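Notes to accompany the following structure.
The values are calculated or read from the model by the stated rules, or taken from the named source; none is laboratory data. Model, not experiment: these values are computed from the prediction. No Cβ is skipped: glycine too gets one built from the backbone with ideal geometry, and neighbour counts run over all protein chains shown.
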Amino acid sequence: MSVLELPLVKGLTTRHGMPVLHTLEQAGAGFVLLLLPSHSRIHLETPDLAAILPDLLQLGAASLQGAQPIGGAVADATLEAALVRNDGDISLPALVLLENGQVKTSISRMRDWETYVSRFGVIFASPATQSGEPVA
């Protein structure tokens, strides 16, 4: 079974309309929270991350206070491998925040809700984020 066939991961694309991205360029403008589901080995945390991704999008939208939209997507195996290869600090499964098709930050593995609240608060409170400029 492919990780994209897991019910909660598949639900992201079928019920929530999230695309499966093959390249970062497909993310387009704005923010995208990208799920790297661990294609090489089905991981126990993958369904958990898939289950909370819609809630994390709401959290991100609230953190942005309507300044910019935030969407969700799932990485295919090739994109996932490239992101892991380029950033040796990602443990799968993971969430990668993209801004205008560029990696802004990542959160590896499943975390408690307060970690997401804290990280999003810092990420989206940055003046650079509000202006659309990349954060160093």
If the Cβ limit is 9 Å and pairs must be 6+ apart or interchain, which residue in the range 7-32 that is more than 15 Å from Leu79 (Cβ to Cβ) pairs with which residue that is hydroxyl-bearing (Ser, Thr, Tyr) and surrounded by 12 or more Cβ atoms within 10 Å (Cβ to Cβ)? Leu8/Thr46; Phe31/Thr129
Given the criterion modelled with pLDDT under 95, in contact with a Phe, Trp or Tyr (Cβ under 7 Å, 6 or more places away or on another chain) and not small (Gly, Ala, Ser), identify the matching residue among Leu59, Leu4. Leu59
Count of the range 57-73 residues which are under 18 Å from Gln102 (Cβ atoms) and buried (at least 18 other Cβ atoms within 10 Å of the Cβ): 6
Yes or no: Leu4 closer than 11 Å to Ala73 by Cα and not basic (Lys, Arg)? no
Scanning for something out of contact with any Leu (no Cβ under 8 Å at 6 or more places or on another chain), at pLDDT 95 or above and among the charged types (D, E, K, R), does the range 25-38 turn up at least one residue? yes
Restricted to the range 42-52, and to residues that are more than 15 Å from the chain's Cα centre (by Cα) and in contact (Cβ under 8 Å) with a residue 40 or more places away in the chain, which residue is farthest from Met110 (Cα to Cα)? Ile42
Inside the range 62-90, the number of residues satisfying the requirement of being touching a residue at least 24 places away in the same chain (Cβ under 8 Å) and farther than 17 Å from His39 by Cα is 8
Being in contact (Cβ under 8 Å) with a residue 12 or more places away in the chain, crowded, with 19+ Cβ neighbours inside 10 Å, within 16 Å of Val32 (Cβ to Cβ) and in contact with a strand residue (DSSP E or B) (Cβ under 7 Å, 6 or more places away or on another chain): is that true of Val103 here? no
Applying the selection to the range 21-42, what residues are surrounded by fewer than 17 Cβ atoms within 10 Å (Cβ to Cβ) and closer than 17 Å to Val103 by Cα? His22, Thr23, Glu25, Gln26, Gly28, Ala29, Gly30
Exactly one condition in (1) over 15 Å from the mean Cα position of the chain (by Cα); (2) surrounded by 15 or more Cβ atoms within 10 Å (Cβ to Cβ); (3) more than 29 Å from Ala125 (Cβ to Cβ) is not met by Val9; state its number. (1)
